[in-house]
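Chemist: Starting off with a structure, shown below.
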Amino acid sequence: MAVSNIRRSSAPRIAVAGGGAAGLSAALALLARGAEVIVIEARGRPGQGAMWASGGMLAPGFECAAETDPDHKLAEAFAALCARAGRVWPEFAARAEADGGAPAGYARTGSILPLSSEDETARFEAAAAQAARLGIPAERLDAAEAARREPGLAAVSEALWFADDGQVDNRALGEALARAVERAGGTLRCGEPATGLIETGGAARGVVLASGERIEADAVLAATGAAAGLHPALPAITPVKGQMIAFSMPPEAMPRAVIRGFGAYLSAKPGGRLVAGASSEPGEAGLETDPATLERLAQAARRIWPALEGVPPSESWAGLRPATADGMPALGAARGVEGLFMALGGRRNGVLLSPLMGEAAAAAVLDGALPGWAAAFHGARDGLG
Ligand SMILES: Cc1cc2nc3c(=O)[nH]c(=O)nc-3n(C[C@H](O)[C@H](O)[C@H](O)COP(=O)(O)OP(=O)(O)OC[C@H]3O[C@@H](n4cnc5c(N)ncnc54)[C@H](O)[C@@H]3O)c2cc1C
């Protein structure tokens, strides 16, 4: 059985299990702080999990106003976390592009939440009220102003505008981050999952791969997305399946902003790809798509963006959002196993939150504590199972 324990330096050696949004971002943050990093990725290439499947929206505004349970005890902390993530994205994307030598397609486009029919009024008003309560910058637009900002939008009676929202080309970003990790001296070990920990005296000292190979390290960061946990000390994660479609469209016929309808959202990517999503199927772990769900999505997309009438989807796929029991991220040290850390539970916003999940993971591993802004999301909190 091979043991990969050759130390190149006296720097701490960190094994990151999972090369997705959280794992790649954490690897970069750890490398920037002088650690030696090996990323173990089950698939043939990093960034092919939920990160690849996602809509790539960076939407602290509408996600916290329209998608976060107002009674959740972490609702305010989550809104602050998302807002912080929105602020770090311009620099994070620029660094990923420069260090990875590839475009990431980041743009602060704003997002628009249209009120398209009377039966959406209650949810629309609730989102407006929640934005006000959580201090999320949101502007109320009348029908004419909504049409001026998004001329291709179906007629609406009014809309909410979140100027701080944006998007990224998530598939390109995965590639840029993976290259940046390699260029910064990190090792990508792809094609085989980590199946467990090397434990010495109750401490995590590396991971064991499916082949039995042992990768020794001073600490292990679990960033395995929606996959089953590496160790019982980690919080339980439930997959929330999301099915998506994309349409091919001339760039001039695509929305400028992210459109957040109540039945579907639309996000325009480079190269004439208009992404529409997504279903939300808690507990579903398969990646198959079903025609009825895809058709519902296509119809919802056409209702808010009439230029899609008669345009068939050019692509469909599914991915798995990683959700903790309380739906919020789980960061920092695991309870009871020294040297075991986590960056888990990005759920609907794991791309948006990835720069902060990476930074928080690096601080937990190297400083022994989460930064203050991440403390509320420590993974040893009660109720995570
Ligand atoms: C349909 C859909 C739409 C979404 N839209 C958005 C959006 O618009 N904006 C947003 O911010 N977020 C969005 N998300 C959520 C976002 O994609 C996830 O929260 C985020 O990708 C989670 O990052 P992660 O690193 O935890 O998981 P992933 O990105 O899935 O990465 C986990 C990685 O770990 C690997 N892995 C798993 N187990 C092991 C193992 N044992 N050993 C080694 N490797 C392993 C996997 O192969 C994978 O590459 C969406 C998700 C879906 C499914």
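Chemist: What are the pairs, 6+ residues apart or on separate chains, where a residue within the stretch 112-127 that is without any contact (Cβ under 8 Å) to a residue 24 or more places away in the chain has its Cβ under 7 Å from a residue that is crowded, with 21+ Cβ neighbours inside 10 Å?
Modeler: Correct list of pairs: T121/L115.
Chemist: Would you check if there is a residue in the stretch 222-235 being more than 29 Å from W317 (Cβ to Cβ), surrounded by 23 or more Cβ atoms within 10 Å (Cβ to Cβ) and away from the ligand (no atom under 14 Å from the Cβ)?
Modeler: No, the stretch 222-235 has no match at all.
Chemist: If you don't mind, another one. So which residues in the stretch 319-335 are surrounded by 23 or more Cβ atoms within 10 Å (Cβ to Cβ), more than 13 Å from the chain's Cα centre (by Cα) and under 23 Å from L287 (Cα atoms)?
Modeler: Of everything in the stretch 319-335, just one residue is surrounded by 23 or more Cβ atoms within 10 Å (Cβ to Cβ), more than 13 Å from the chain's Cα centre (by Cα) and under 23 Å from L287 (Cα atoms), namely T324.
Chemist: So which of A102, A96, A65, A107 is crowded, with 20+ Cβ neighbours inside 10 Å, in contact (Cβ under 8 Å) with a residue 60 or more places away in the chain and more than 19 Å from A129 (Cβ to Cβ)?
Modeler: None of the other options fit; the residue is A96.
Chemist: Find all pairs meeting these conditions: Cβ atoms under 9 angstrom apart; at least six residues apart or on different chains; first residue within the stretch 159-186 and part of a loop (DSSP other than H, G, I, E, B); second residue within 15 Å of the ligand (Cβ to nearest atom) and polar (S, T, N, Q).
Modeler: If the second residue must be within 15 Å of the ligand (Cβ to nearest atom) and polar (S, T, N, Q), the pairs left are A163/S111; D164/S111; D165/T109; D165/S111.
Chemist: Okay, moving on. Checking the conditions here, which among I215, I245 is touching a Lys or Arg at 6+ places or on another chain (Cβ under 9 Å) and β-branched (V, I, T)? Before the answer, list the steps.
Modeler: Numbers: I245 fails: touching a Lys or Arg at 6+ places or on another chain (Cβ under 9 Å).
The conditions single out I215.
Chemist: Any residue at all in the stretch 61-74 that is under 28 Å from A228 (Cα atoms) and aliphatic (A, V, I, L, M)?
Modeler: Yes, the stretch 61-74 contains at least one residue that is under 28 Å from A228 (Cα atoms) and aliphatic (A, V, I, L, M).
Chemist: Can you name every residue in the stretch 236-248 that is more than 11 Å from the ligand (Cβ to nearest atom) and either not in a strand (DSSP E or B) or not β-branched (V, I, T) (or both)?
Modeler: Within the stretch 236-248, A236, A246, F247, S248 meet the criteria.
Chemist: Now, a different point. Tally up the residues in the stretch 305-336 that are of a type in the set (A, V, I, L, M, F, W, C) and more than 16 Å from the ligand (Cβ to nearest atom), please.
Modeler: Residues that pass the stated criteria total 5.
Chemist: Here is a follow-up. Among the residues that make up the stretch 203-216, is at least one of them assigned to a strand (DSSP E or B), away from the ligand (no atom under 15 Å from the Cβ), touching a residue at least 24 places away in the same chain (Cβ under 8 Å) and not hydrophobic (A, V, I, L, M, F, W, C)?
Modeler: Residues of the stretch 203-216 assigned to a strand (DSSP E or B): 203-209, 214-216.
Applying the additional criterion that residues be away from the ligand (no atom under 15 Å from the Cβ) yields 203, 205, 216.
Next cut, touching a residue at least 24 places away in the same chain (Cβ under 8 Å) only: 203, 205, 216.
Still in the list and also not hydrophobic (A, V, I, L, M, F, W, C): 205, 216.
Yes; the residues of the stretch 203-216 include at least one that is assigned to a strand (DSSP E or B), away from the ligand (no atom under 15 Å from the Cβ), touching a residue at least 24 places away in the same chain (Cβ under 8 Å) and not hydrophobic (A, V, I, L, M, F, W, C).
Chemist: Another question, if that's okay. Among the numbered criteria (1) more than 11 Å from the ligand (Cβ to nearest atom); (2) assigned by TED's automatic domain parsing to the domain that holds A122, which single criterion is violated by V258?
Modeler: (1)
Chemist: Just need a number here: residues in the stretch 338-385 that are in a loop (DSSP other than H, G, I, E, B) and within 16 Å of the ligand (Cβ to nearest atom). It would help to see each step written out before you state the result.
Modeler: Filtering the stretch 338-385 down to residues in a loop (DSSP other than H, G, I, E, B) leaves 339, 345-346, 350-353, 368-371, 379-385.
After this cut, where a residue has to be within 16 Å of the ligand (Cβ to nearest atom) as well, the list is 345-346, 350-353, 379, 384.
Residues in the stretch 338-385 being in a loop (DSSP other than H, G, I, E, B) and within 16 Å of the ligand (Cβ to nearest atom): 8 in total.
The values are calculated or read from the model by the stated rules, or taken from the named source; none is laboratory data. Everything quoted here is computed from the prediction, not taken from an experiment. No Cβ is skipped: glycine too gets one built from the backbone with ideal geometry, and neighbour counts run over all protein chains shown.
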